[in-house]
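Have a look at the structure below before the remarks.
The values are calculated or read from the model by the stated rules, or taken from the named source; none is laboratory data. Computed from a prediction, not measured in an experiment: that's the story for all the values here. When we count neighbours, we look across all protein chains shown, and the Cβ atoms used for this are built from the backbone with ideal geometry, even at glycine.
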Amino acid sequence: MSTEFGFLKAFTKAGINQLTGGVLTSAQALWGEILSGQRWWETGCVGYAFPKSSFNDLEIGSQSNYKFRSIFTDNYANFAINVPLLEPGNGKRLWLSDGSFSSETVSPKDLLNNEPFRSYRPRPFSSPAYFLGNPIKGAEACLQSERHRLACAIELAKRTDWQIGIVRLSVFDQLFHLLGSNFLYDEAFSVRPAVCAFIDFANQCLEEIILSSANATTCIMSAYSHSECTKRANLNLLLSQLGYCTLTDAKQVKRDLSLRHRSTLAVSTNMESSILPTALVTLTNRFQAESSIAASPIHGAIYLNTKDRFQDGIVEVREKESLKKQIASALAKILNDSGVRNTSLELNPQDSQSTQAPDLMICANGLDFHDAYDAPAVDTFSHPLTCHTSNGFVCLDEPSQQTFNTLALNKLLVGRLT
Ligand SMILES: [Zn+2]
């Protein structure tokens, strides 16, 4: 159950349901499945980016990179607020950016002529990390940003006869990153009254949005939640300890990491630029491809360096199936030996390489992934307060208390359209 589910249940008149994404814990991966109704291995969408010609060559992905069929098409009017992957569309979509890839903030563009759209910014900052020194200030910025988004959503909901709408709340994700897993329940938090006032305000807005769209299906949701983080793991260091991966010189990697940190910091100090996807700048040249069998260029995703996928691939296609299983069990064992329990692994069942999908997805309760090379591969001492879990919530315009997985939610939405 998501941490905020129980809390919101008391406040929400619309039916609130639980949502689960299995091994997927990143926004893009979960939304890839919700929007397409296809599993991650069919779309290749498992994180903010995907490796192209090599696992040293990452590209940030949006819907068109993955070429999946989305329930949101240009054929009918729809309403997409803060939904990852979805692009602005051709004018039939009322769209507010989630800030992950586009420099556009709203669509159609003429919305920019007026407030509240002109000053809409998808995120209050490019990374919550830069408010860790002042989490209360960061939390206030998050609440203010979500209030502004909801004010825009209400305006849009009144505009047209759209058939399907999704309002994605991302404030809880940001607050968990900043404040830890107890902020909703611990009365000692000075920001708690502001959070409660926000939830009151949000409920009024959401009711208004649902009422504005009596003939449409509206979902208000958050696809994942957080739990307390107890460890962080660097999958590439683990793969290298197991002999599957050769990392590039650590000094080079450190230099790239510090460059990324500096560029993100530079931009995050300028709020006006916070729509830029700087937090998503990718690391390159981390692996020695000519001697790496597998690597994890995206958190939680393992790719085999196969010849049918990568230009510098070294793994024969016929070796794929047995390697997948071998690596899965070796990783589960090394994590278990390091005290990580409840590891979940899901193997890509496809043997032909038709998408950019990884060969293996991995997650574990309380485990975050990291890219640092000067920390232990499994780090029990230094880790974030919380990490993502695959449990989210979805409020729908009819009361119910069900648990959906990503594909079932997609099916429900498709059913409402036809
Ligand atoms: Zn997050």
Determine which member of the set 117, 176, 172 is within 30 Å of residue 414 (Cα to Cα), at pLDDT 90 or above, touching a strand residue (DSSP E or B) at 6+ places or on another chain (Cβ under 7 Å) and within 16 Å of the ligand (Cβ to nearest atom). 172
Condition first: at pLDDT 90 or above, away from the ligand (no atom under 16 Å from the Cβ) and not in a helix (DSSP H, G or I). Can you find one or more residues in the range 223-231 that meet it? yes
Answer yes or no: is there a residue in the range 345-364 that is within 16 Å of the ligand (Cβ to nearest atom) and of a type outside the set (Asp, Glu). yes
Across (1) within 23 Å of residue 389 (Cα to Cα); (2) modelled with pLDDT under 90, residue 58 clears everything bar (1)
Residue 131 being touching a Phe, Trp or Tyr at 6+ places or on another chain (Cβ under 8 Å) and within 19 Å of residue 226 (Cβ to Cβ): yes
Starting from residues that are free of Cβ contacts under 8 Å to residues at least 60 places away in the same chain and among the polar types (S, T, N, Q), keep the ones in the range 179-202 and report whichever is farthest from residue 409 (Cα to Cα). 190
Only residues in the range 219-243 that are in the same structural domain as residue 331 (by TED's automatic domain parsing) and without any contact (Cβ under 8 Å) to a residue 24 or more places away in the chain count as the first member; pair them with residues that are more than 16 Å from the ligand (Cβ to nearest atom) and not aromatic (Phe, Trp, Tyr), Cβ under 7 angstrom, at least 6 apart or cross-chain, and list the lot. 240/246; 240/247
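Any residue in the range 365-375 that is under 16 Å from residue 302 (Cβ atoms), outside the structural domain of residue 169 (by TED's automatic domain parsing) and small (Gly, Ala, Ser)?
no
Counting only residues that are within 16 Å of the ligand (Cβ to nearest atom) and in a loop (DSSP other than H, G, I, E, B), which one in the range 120-135 is modelled with the highest pLDDT? Lay out the reasoning, then the answer.
Initially, the range 120-135 is screened for residues within 16 Å of the ligand (Cβ to nearest atom), giving 122-132, 135.
Pick out the ones that are also in a loop (DSSP other than H, G, I, E, B) and you get 122-127, 132.
On the way: 122: 92, 123: 89, 124: 87, 125: 77, 126: 69, 127: 69, 132: 70.
Among residues in the range 120-135 that are within 16 Å of the ligand (Cβ to nearest atom) and in a loop (DSSP other than H, G, I, E, B), the one modelled with the highest pLDDT is 122.
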Could you list, in sequence order, the residues of the range 170-212 that are over 21 Å from the mean Cα position of the chain (by Cα), farther than 20 Å from residue 396 by Cβ, acidic (Asp, Glu) and not in a loop (DSSP other than H, G, I, E, B)? 200
Tell me, which strands (runs of 3 or more DSSP E) lie completely within the range 13-65 with 3 or more residues that are away from the ligand (no atom under 16 Å from the Cβ)? 15-20, 58-60
